[in-house]
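Shown next, in structure tokens, is the structure this report addresses.
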Amino acid sequence: MNQSVETSAAASEAGEERVSPEVAEIRREVQRRRTFAIISHPDAGKTTLTEKLLLYSGCVAEAGAVRGRKSQRAVTSDWMAIERERGISITSTVLSFEYEGFLLNLLDTPGHEDFSEDTYRTLTAADCAVMVIDAVKGIEAQTKKLFKICSDRRIPILTFINKVDRPGCDPLSILSQIEEVLGIHAIPHNWPVGTGREFTGVVNRQKRELLLFKPVAHGSNKVPTDVRTFENAGDVLDADLLAKVRDEVDLLDCAGEEFRQEDFLAGKVTPVFYGSALNNFGVEAFLAGFLALSPPPTPRMSDAGPVPTDGPDFGGVIFKIQANLDPRHHDRVAFMRVCTGKFSRDMEIVLSRTGEKIRVKRAQRVFAQERETMDVAFPGDVLGVVIPGQFRLGDTLSEGERIRFSGQWLFPPECFGILRCTETLRRKQFDKGLSQLVEEGAIQLLHEPSAMSREPVLAAVGQLQFDVVQYRLEAEYNAKTTLQRLPYQFARWISGDEQDMANIRIPSTSRELRDEDGRVVLLFESEGMLRYCRDMNPKLTFTDTRPAG
């Protein structure tokens, strides 16, 4: 009996499921994929950690810095000019790379709260999240908001306590804060060797090994690591520090909670790692721990119920649209998370929202601004699909049965303003640029139903989005603009039968507009005016986001 027959017979005796070669290929590829997002409060070190993960995976030869010396290279994930100028992330970036036999899809999200809706949509595409916390500042406002989104969706979370080399860090206090403020059990997988200026390494609690680091210039290269045990570290560490660390680790072993993988996958506990992303201390240990603990892609919820990753038909969801990834061509790239089946380039798929059949001829793997053509992709992969103007956020693309993957794609705007082009001769560029930027979902476009000029009224979640739109229109489309802020705080989409809509009554301080699909949108200056309008129109339906479809 040859080996393949023996293997088949053994599988049969063991009661294992027999699957086709196509399904076996999908399952094999799924097991080596890790698709994750990084979340944090601004300045906690999220982008720096992203850059250092790329350094240790071999994707960049030398890591950049968010702010720093002019001679340092720019960070890979913050590729927009405005991101590099301001030192903040304002758009989600997709970075796909191979490491130790795994294919990692890293979704770097904006830290600024004015762009949190981009982060929320990106988390829909992730199988787990990495939460970065400043060791000195602790849990901050944006971290709490983003953690709640992950918790509501039961997304497993790994925690990286950053900036342990800063004065004022208390490792035990941070653990307590995570449990008290976020309501999740925090279990340290390693432990810092000293804090502040004394921070020189971490203890691998599973192996009881000390990983001691030697600094490198500006943290731009991998740090040399000296592996020791408590028994032979006395010749390189201060005796008091060594004794203190041993006592802390012994205390954790005796009084700490046991880590269970099933609790982590259920979102009940978070494994905690300590380090300094800026100096590369603890980054490699975190990366190893992440690969050991993080889950592969799992079934995704849809309007037809959970969809398994190894389904016979391909299915994916558009979670992000980016204009001008290549500013020279003013292109638009739709980022699609593959959820089920196998994707093949040039295959014919259906846009579930419209029933339209589409042949995807240009599918690319994305690494910040860089792209490479992809012939095949599997669940967990993120592809850039270049088909201008056909997609909306949340669109499902599939073979076979038309389904729609679940997720929140639109968010209530709270800021409003009239955008005007200052140069008549640049109106064409202004209109084109605004149309492409609206597709990204950071802003929504409204207009007066009866106005001749149809001056665009922008609606956004945060004020900073207006600054970014104006900056990008000038930098990418050479169209200078002015913005007139409006006093409204709430927008509501109105629906009802034809007679009730024709007799709609609105307060004098409110404003009636139309969205891109011609739907009625009312703007209100206060919650009181919103309630008053509802009372005047009891038969109409008020919703805070644009209806799907």
Among the residues of segment 394-414, write down those that are in contact with a helix residue (DSSP H, G or I) (Cβ under 9 Å, 6 or more places away or on another chain) and polar (S, T, N, Q). S406, Q408
Go over the candidates F259, F230 one by one and state the one that is of a type in the set (F, W, Y) and either free of Cβ contacts under 8 Å to residues at least 60 places away in the same chain or not assigned by TED's automatic domain parsing to the domain that holds T48 (or both). F230
Quickly run through segment 528-549 and pick out the residues that are of a type in the set (D, E) and farther than 30 Å from T396 by Cα. D535
Any chance F199 is surrounded by 20 or more Cβ atoms within 10 Å (Cβ to Cβ), farther than 17 Å from D43 by Cβ and among the aromatic types (F, W, Y): yes
Residue check: is L419 among the aliphatic types (A, V, I, L, M) and outside the structural domain of V350 (by TED's automatic domain parsing)? yes
From Y471, Y488, which residue is under 30 Å from the mean Cα position of the chain (by Cα) and either under 26 Å from V317 (Cα atoms) or at pLDDT below 95 (or both)? Y471
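Matching residues to (1) closer than 30 Å to A24 by Cα; (2) outside any loop (DSSP other than H, G, I, E, B); (3) modelled with pLDDT of 95 or more:
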site	(1), (2), (3)
D263	yes, yes, yes
P271	no, yes, yes
P296	yes, no, yes
H330	no, no, no
In segment 215-236, what count of residues is obtained for those that are under 17 Å from R205 (Cβ atoms) and of a type outside the set (V, I, T)? 4
Q463: closer than 30 Å to G355 by Cα, modelled with pLDDT under 90, not aromatic (F, W, Y) and not assigned by TED's automatic domain parsing to the domain that holds F314, yes or no? no
Among (1) more than 30 Å from D127 (Cα to Cα); (2) buried (at least 21 other Cβ atoms within 10 Å of the Cβ), where does P215 come up short? (2)
In segment 471-503, what residues are in a strand (DSSP E or B) and either of a type in the set (S, T, Y) or surrounded by fewer than 16 Cβ atoms within 10 Å (Cβ to Cβ) (or both)? T481, T482, L483, Q484, R485, S495
Examine segment 414-429 for a residue that is under 27 Å from the mean Cα position of the chain (by Cα), closer than 29 Å to V317 by Cβ and outside any strand (DSSP E or B), and state whether such a residue exists. yes
Can you give me the number of residues within segment 144-161 that are in contact with a strand residue (DSSP E or B) (Cβ under 6 Å, 6 or more places away or on another chain) and not aliphatic (A, V, I, L, M)? 4
In this structure, is L252 under 24 Å from the mean Cα position of the chain (by Cα) and surrounded by fewer than 21 Cβ atoms within 10 Å (Cβ to Cβ)? no
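The values are calculated or read from the model by the stated rules, or taken from the named source; none is laboratory data. This is a predicted model, so every value here is computed, not measured. Reconstructed Cβ throughout: ideal geometry from the backbone, glycine too, with neighbour counts over all protein chains shown.
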